[in-house]
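Only the coordinates and a few stated rules stand behind these numbers; no lab work does. Keep in mind that this is a model prediction, so the values were computed, not measured. FYI the Cβ positions are ideal-geometry reconstructions off the backbone, even for glycines, and counts take in every protein chain you see.
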Protein chains: 2
Amino acid sequence: MKLSIILVILYITCAWVKSNTEDPPPPPYEEFYYMQTLDHFNFYNKGSFPQRYLVSDTYWTRPTGPICESPVLFYTGNEGDIVWFYENSQFVTNVLAKEMGALLVFAEHRFYGETMPFGNSSSLPENIGYLTSEQALADYAQLIPAVLSDLGGSHCPVLAVGGSYGGMLASWFRMKYPNIIDGALAASAPILYFLGTNANSEGFNEIATIDFAETSSEGTCATRIHSAFNEITQMSNTQNGLNVLTKTFSLCEELTELSDLINWLEAAITYMAMADYPYPANFLEPMPGNPINVSCSLLAKETDNIQGLVQVMNVYFNSSGQAGQCNNVSVYTTGALGSDGWDYQACTEMVMPISANGVQDFFPAAPWSLSQLTQYCQQTWQVTPNPNWITTYYQGQDLSQTSNIIFSNGVLDPWRAGGVVSNDGGNDIITIIIDGGAHHLDLRMPNSADPTAVTNARVLETKYLMQFAQEASFKKQLKSK
Amino acid sequence: MKLSIILVILYITCAWVKSNTEDPPPPPYEEFYYMQTLDHFNFYNKGSFPQRYLVSDTYWTRPTGPICESPVLFYTGNEGDIVWFYENSQFVTNVLAKEMGALLVFAEHRFYGETMPFGNSSSLPENIGYLTSEQALADYAQLIPAVLSDLGGSHCPVLAVGGSYGGMLASWFRMKYPNIIDGALAASAPILYFLGTNANSEGFNEIATIDFAETSSEGTCATRIHSAFNEITQMSNTQNGLNVLTKTFSLCEELTELSDLINWLEAAITYMAMADYPYPANFLEPMPGNPINVSCSLLAKETDNIQGLVQVMNVYFNSSGQAGQCNNVSVYTTGALGSDGWDYQACTEMVMPISANGVQDFFPAAPWSLSQLTQYCQQTWQVTPNPNWITTYYQGQDLSQTSNIIFSNGVLDPWRAGGVVSNDGGNDIITIIIDGGAHHLDLRMPNSADPTAVTNARVLETKYLMQFAQEASFKKQLKSK
């Protein structure tokens, strides 16, 4: 049970890969702490905690009067160390900031990185209750005026930027606090991957499957992975079969539960789809550029389907099969992310129903189960998930009452299934589909191997963000007269 | 100190006068309880409480299919018993509901009326912390889909309606939850009476003063009340003066603090301005129609200014000066409202800076003091007011990102000083100024004595609410196709 939850964590976070070593470094930043309100919705709870945020004024055109035209690019920190996000969003830090003459402010999300309201005890159920997206947005809403006031630029346009869960926060920030946020870039933000929307809960796994299928015109790679899963499932019926699987996948411990292996394989495959970048990128172990193409080529060289799947896993885990090394089926990632935090969020409001049907996707059929999730969450965190709260509190499917949000989604990215991919009538809701793009590729440093679509997307994003900033600046000037 | 806080309570609540006995009764309703989440922003807090709400389907055109065109009129309950609001908003219950074929849902605000999350212990500081407008709106957002689902009409347009603080909630509900609320009528909602907006903190007392001044072309009534306050202040310098004042105002207890008398007089005067309705209405004791005109006529018959002020007070308190009766300077109202609740709200987020300057208004100068308020609130509730939170969490002055809200304000109503009286560029933000109208006169039962302006206002309000409902119904139909 634990594994399927961890899977959800991974899905949303693990694409934060390290930047290429050849990339120029991001501009220098200063680290600050703001004494933040612990509970914005209960005045009797008087707690506060130091919230970390990073500021870089390297490219900032400092305003000379009360009105400034150069915006603040505010990164709505998500589930991890904010320095990590700062170092991995170089389109924002190195390109956008420079072109716009913008001030960079990267705020760390409560209960992640150094921003632990209860220090080492932050993960205790009674403490982690203060971890919600609503409290996090209220943090940001309170932080921004304070930062602007410190910098003497209280009338600057403020644009929210984020990727993945950070992108969800960026778009929600604009929806809920249009008085503070003038526009947003929400990259690969699956804000519709919740019950009660038109999103297809099977879409995540379908897209991952298509990514593998499209490496050849016949879809052979995907078909053979599908067969491999079927064969694995059959083998697991006997003790001998489990023993063979243990050896085949070089597992450190004897396999006893099929689901442990399946979840581990699924995590690696969907991760590879999310991080299917066109150049080498480092995560755990280095992955080559276009890892799906690479892994499907290796698979093609094997006549046995399961051996082919082992090759696919090798590309992701890299170390598998090497002398003296073995694979731990409960380890999908470095653990550098705040997995406790995301596990808790997935157990409360971030209830994203991902299922596999084994027909449109190559995984063993696995319907999403709220009751299983509930059982896990009650045992682990003493909380009950509310799958309807996000679409109640935020706007859900209906974006007609918001504006100035760019939603970008990569065609290769499984999370596109929960993204906003068409404008449903809202004002200045820009949707960008990036052909050949994986999970928020657009936020990464431009690279010569980039598909044309992401280069075009960045041009559009820059154009619209500039337009949002100019409109906001103009409005603020009108008001101050 | 306590008094000035109670004054704030009064200001916002006490205009909920009983309906005229000649008015037709409101349509019958059923009373329900919904098991509501105690803390919408902390999943570890598992408490819940029964929230009362009233439903009347007397005039409802029940939908025959999944789409319904007749709306839900949802009253965003404010600081009092919801039955009281139901019985005193007859434009909504008797007129609007009938014309629109609407379902009426009146929801009680947490910590008021019968909706006490902790029963008799609800006012303990550690319990009353759960009283905030954000939690109340989240209650309503969660309640509405549940009610609609019970009634089988899940696609009905929903319009929020409210007066005073209830009007603030109605407009904020539309701003924050446009996915749930399709439009709002916010009657006499002073959403701008906060720091950091363009609202004039002295406006409240200025308008009350003007109401009295305009009873004659020379403004004599206001001038003489001003003089009376000056004379009272002078008299209070001696023990003999205090004794005379005690007798003059028929006080039950010997006057020791001038401020007790001043606060009591100010409450009565501003209350009269708020409830300056054109027909007799009952509150505490019956008040005549146009009570300011009546009281100024009585004042005019007195040569002594202070005796004139006594006459003004008589119109409000009515009982003053009668045999065997005396006035208690700490009693302004029946106490039927949940004054603990509002006192707490005024000590936390509902920090409305009302001041008197003694020049544009006839009161003794009294600048608003955050430090005094803070001292009181820390002593009484162990909380510190945050005067900036409301304009941070809600949209403050900038309504450009919302739509479909009608803000109505009466010219006679002191709260107009904090109302939205002109459209600052938002879409379908309708502002209606009601000449000769007091505090949300428009929500009351139409009356032959009504000024033309309120009759016209109700026609406009009906027209726009119908338009909001039709647009919403049309959109919902489009989406369901």
With only alpha-carbon atoms in the gyration tensor, what are the semi-axes of the equivalent ellipsoid for segment A:114-173, in Å, largest first?
26, 16, 9
Taking +1 at the Cβ of each Lys and Arg and -1 at the Cβ of each Asp and Glu, which of A:Ala222, A:Gly167, A:Tyr279 sits farthest along the dipole of segment A:157-287 towards its positive end, judged by Cα position relative to the Cα centre?
A:Gly167
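Given segment A:24-106, report the % of alpha carbon pairs whose separation exceeds 17 Å. Don't skip to the answer; put the middle values down first.
Working: 1817 of 3403 pairs.
Summing the P(r) of segment A:24-106 above 17 Å gives 53 percent of all pairs.
Give me the net charge of A:Gln36's neighbourhood, meaning all other residues with Cβ under 9 Å from the Cβ of A:Gln36; Lys, Arg count +1, Asp, Glu -1.
Values: positive: A:Arg110; negative: A:Asp139.
Net of charged neighbours comes to 0.
Multiply the residue separation of A:Met35 and A:Asn388 by 0.36 nm, subtract the distance between their alpha-carbon atoms, and state the gained length in nm to one decimal.
Numbers: separation 353, 0.36 × 353 = 127.08 nm, distance 3.18 nm.
Once the chain is fully extended between A:Met35 and A:Asn388, it gains 123.9 nm.
For segment A:389-460, report the translational diffusion coefficient in µm²/s to the nearest whole number, using Stokes-Einstein at 4 °C, 1.567 mPa s, and a Kirkwood Rh over Cα pairs.
On the way: Rh = 13.1 Å.
Rounded, D is 99 µm²/s.
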Excluding A:Val359 itself, what net charge comes from residues whose Cβ is under 11 Å from its Cβ, given Lys and Arg +1 and Asp and Glu -1?
-3
Can you name the residue in chain B whose Cβ lies closest to the B-to-A rotation axis, and give that gap in whole Å?
B:Phe41, 2
Proximal charge balance of B:Asn293 [Cβ under 13 Å; K/R count +1, D/E count -1]:
-3
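List the GluC sites (Glu not before Pro) within segment A:160-227 that DSSP assigns to loop and that have no more than 10 neighbouring Cβ atoms inside 10 Å.
Values: sites: A:Glu202, A:Glu206, A:Glu214, A:Glu218; in loops: A:Glu202, A:Glu214, A:Glu218.
When the GluC sites (Glu not before Pro) of segment A:160-227 are filtered for loop state and at most 10 Cβ neighbours within 10 Å, A:Glu218 remain.
Please compute the length gained on full extension between A:Asn198 and A:Ser216, using 0.36 nm multiplied by the number of residues separating them and subtracting their Cα-Cα distance. The partial results should precede the final answer.
Working: separation 18, 0.36 × 18 = 6.48 nm, distance 3.03 nm.
Going from the current span to full extension adds 3.4 nm.
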Cα-based Rg (one decimal) and Dmax (whole number) for segment A:152-302, in Å?
20.8, 71
Could you pull the Rg and Dmax for chain A, using just the Cα atoms, both in Å?
22.4, 81
Given A:Lys476/B:Lys46; A:Lys98/A:Lys479; B:Lys46/B:Lys475; A:Lys479/B:Lys98, which pairs have Cα atoms separated by over 31 Å?
A:Lys476/B:Lys46; B:Lys46/B:Lys475; A:Lys479/B:Lys98
Percent of beta bridges antiparallel (DSSP, segment A:25-107, rounded to nearest 5):
70
Under Stokes-Einstein, with the Kirkwood radius over Cα pairs standing in for Rh, what whole-number D in µm²/s applies to segment B:215-318 at 25 °C and 0.890 mPa s?
174
Cα gyration tensor shape of segment B:353-413, rounded if a/c is under 1.5, else prolate or oblate by comparing a/b with b/c:
oblate
Using a label point 7 Å beyond Cα on the Cα-Cβ vector, give me the inter-copy distances for A:Gln234 in nanometres, one decimal, shortest first.
10.9
Along principal axes, largest first, the alpha-carbon spread of the protein assembly as shown in whole Å comes out as 111, 62, 44
With only Lys, Arg, Asp and Glu charged, each at its Cβ (+1 for the first two, -1 for the last two), find how big the charge dipole of segment B:163-286 is about the Cα centre; round to the nearest 20 debye.
400
Kindly work out what percent of the DSSP beta bridges joining two residues of chain B are antiparallel, to the nearest 5.
40
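Just how large is the dipole of chain B about the Cα centre, in debye to the nearest 20, putting +1 at every Lys and Arg Cβ and -1 at every Asp and Glu Cβ? Working shown, then result.
On the way: 20 positive and 46 negative charges, 213 e Å.
For chain B, the charge dipole is close to 1020 debye.
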Averaged over all directions, how much area does the convex hull of the C-alpha atoms of segment B:52-189 cover when projected, in nm²?
7.8
For segment B:84-158, just the Cα set please: Rg and Dmax, both in angstrom.
15.1, 45
Would you please state the base-10 log of I(q)/I(0) at q = 0.17, 0.18 1/Å for segment B:211-276, with intensities from the Debye formula using one equal scatterer on every alpha carbon?
-0.66, -0.73
Counting all C-alpha pairs of segment B:422-473, share separated by more than 18 Å (%):
40
For segment B:398-422 versus segment A:24-85, the gap between their alpha-carbon centres in whole angstrom
34
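Please compute the length gained on full extension between A:Thr223 and A:Leu478, using 0.36 nm multiplied by the number of residues separating them and subtracting their Cα-Cα distance. The partial results should precede the final answer.
On the way: separation 255, 0.36 × 255 = 91.80 nm, distance 6.08 nm.
Working it through step by step, the gained length comes to 85.7 nm.
Per DSSP H run of at least 4 residues, take -39500 (n - 2.57); add these up for the protein assembly as shown, divide by its residues and hand me the 222 nm value, nearest 500 deg cm²/dmol. List each step's numbers first, then the result.
Details: 32 runs with 376 residues, N = 962.
Rounded to the nearest 500, it is -12000 deg cm²/dmol.
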From other protein chains only, count the Cβ atoms within 10 Å of every residue's Cβ in B:378-390, then give the mean.
2
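Please state, rounded to one decimal and in Å, the Kirkwood hydrodynamic radius that segment A:350-481 gives when every pair of distinct Cα atoms enters the mean of 1/r.
Details: mean 1/r = 0.0553 Å⁻¹.
Every distinct Cα pair counted, the radius reaches 18.1 Å.
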For chain B, longest principal axis from Cα atoms; helix B:291-300 axis from its Cα atoms; angle between them, nearest 10 degrees, is 10
Rounded to the nearest 5, what % of DSSP beta bridges with both residues in the protein assembly as shown are antiparallel?
40
Simple Cβ-charge dipole of the protein assembly as shown, Lys/Arg +1 and Asp/Glu -1, about Cα centre, in debye nearest 20:
720
